[in-house]
Structures are given as C-alpha cells and as structure tokens.
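Nothing in this text is a laboratory measurement; each read-out follows from the coordinates by a stated rule. Given the structure is predicted, the values throughout are model-derived calculations rather than measurements.
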Amino acid sequence: MIIVIPLLLLLAADPAVSLHSAPIETGFRQMYDLQFDKAHQSFGLWMREHPEDPMGPASDAAAYLFSEFNRLHILQSELFLHNDTFLNHNKPAPDGGIKQKFEDALQRTEGLAERALSKDPLNLNAQFANLMRFGLHSDYLALIEKKYVASLTEVKASRAIAEKLLAAHPNLADAYLAVGVENYLLSLKPAPVRWFLRIGGAETDKQAGIADLSITAAHGNLFLPYARILLAVAALRDRDKAKARELLQGLARDFPDNPLYKQELARLH
C-alpha cells in the first residue's frame, strides 16, 4: 500500500501542524476493527459537517478498500508468510459495486483537493488527501487487481507528495507510510522484478522502508495501526517472533473485533 490508507494527521508533538478530527479518527479505528458500516457513518458525519474537506471522501475510500482487503483475505494471502490453499482456491472476485463506490470517493477527493489547493497551495488536508488518493488507488491496483505496473505510476505520485510534505513538515508521521510501504513491499519482489521497478523509478530498499514504517508505527495516528501490521509482517519474514508477537498482541488488544491479529498470534505458537 502503498497505502495506503488518514485529522490528527500530524504528530501532536508539533502543535503548529496538529489537526484534530474526532469523526475521522473514530472512523479509522472502526475500519481497523472491521466495523466498516460504522466507519462510513463516521466519515459521512465529517463530510456533512465539512463538505469542502477532501479528507472526508479520502477516508471513506480507505474504508471501502479495507473492506475488500478483509473480504478477499488480502493481508493474509499477500503479506503474511502463509499462502494457504483455501485463500487461493475459488477466491471471490473483486466486488464491482464496492469498486465503483471506491472510485467515486477518490474522484470526489480529487475535485475537492484541487479546489482547496487553488485557494491555498499549502493546504495540509488537501495535500494529504491527495497523498491518500494515490496511495489507496495503487493498493487497489496492486493488491486486488494485480496490476503491478499500472500501480507503479500511482506509487511514484504518492511518494512525490509525501516527500514534499515531509520536507515542509518532518513531523508529519503518517506521511512516512507512503515512502516506507513502497520501499518495503517492493523489496519483497524477486531480484529481476526489483531491477525492473528501479528502472521505472521505484524505491526498493527494505531497510529504508522499515525505518520509515517505524516512524509511522511510533508516532503516526490514522496509519499507525497499518504501519504496525506491516512491521509485524516484516518481523515474521525475518523470523523475529518476539517482535512480531509484541506488535500483534498490541493490535489484538486495540482492535478486538479483528480476528487477523489473534490468528497470526496463534500461528506463532
């Protein structure tokens, strides 16, 4: 993901760039806990109260994406170590209705972000919503539709926005996810694929990716749980069971309605 995925967008340690939005934060917690209907309700509340803010539809798009991740077992089959036969046998196709809602939300995000940036090119919500828009779409292309080459353009656009934001606001912890996901996930591809991706301008440095993900996992807000999921994956792949157990236990405690973390913990035993 390149994702994706977010306001308390920024580190509370930097009050100059700290934004608070209870409905958005609540919606993301509900999303990570697989309460997708409630998440859409929370994001809908924000959109009704702030119809000009692109973070509303961007967050709504994230909930549609994660609902498909859950239904299709994307995290289990694409990221965690086990590629169980049942996950790949008679696997359901992407939901066309959800895809349409997802794309509609991204289009609304783009329109509102363009309008906001035309008035204020430094508008943080609009810049971050654009970062989410590219990241979420690249995730859908790569992880759901398996269109890896097509997703690369979105990945690079997301990284460019993230690097620009971080140059101005180095404490924008959630933005590190865009760079970290690209580096870590693409580093998992076979060597010839990584070479091809580098030729195309992709970043494929595993350790750099983990370092960036660690910043989001420690100091982020909306993407903090997702960064911890990816770090748990990294720990499992590196056979660091203690680190994986620590991360998964925290996720299981914080999101008790999501069985993924308990299932992965059980595998460790």
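If each residue of separation counts as 0.36 nm, what is the full-extension length gain between E163 and R237 once their alpha-carbon separation is subtracted?
23.9 nm
Rg and Dmax of the range 124-185 over Cα atoms: what are they, in angstrom?
Rg and Dmax of the range 124-185, Cα atoms, are 11.3, 34 Å.
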